[in-house]
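Remarks on the structure that follows.
Any read-out appearing in this document is the output of simple, stated calculations on the displayed coordinates, not a laboratory observation. Note that the structure is predicted; figures quoted are calculated from it, not measured.
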Amino acid sequence: MKNFLKISLAILTFCLLIMPFAVGAASSTAESLTNRLENVGAQAGFNTDPSVASTPRIVGMIVGAFINFTGLTFIVLMIIAGYGWMTSNGSEEKVKKSVATIKASIIGLIVSLSAWVIWNFIFKALILG
């Protein structure tokens, strides 16, 4: 039964990770993702010229990727801690370890969201003017 749960969780995780690509493949337009993003950026009033790679734009992409990675890490840690809690079989030590992991991941999420708010303030108020 334990192996069945692990295999089921692995298949579910794999399907959830692959699903966005399958949905994107069903698009009726032949435009590439880059063209669609450039169209959205142009409609929003941003400079979509690929030859313009300003420092704030590059730093913004790096910070955004880092913050997205921390959000993904939060989700993974919550899944692992929840699985550990559910499979603890009443073991007080395993429950405490899982609860500590959940608390640490929530604190990490709060720090990550705070970093995002601070970054948006700095980027919009100070860099963009």
Percentage relative contact order, the stretch 53-129, counting C-alpha pairs under 8 Å, at least six apart: 38 percent
For the stretch 53-129, convex hull of alpha carbons as volume per residue, Å³: 60 Å³
Under 27 Å from the Cα of LYS103 - lysines, other chains or at least 8 residues apart: LYS2, LYS6, LYS94
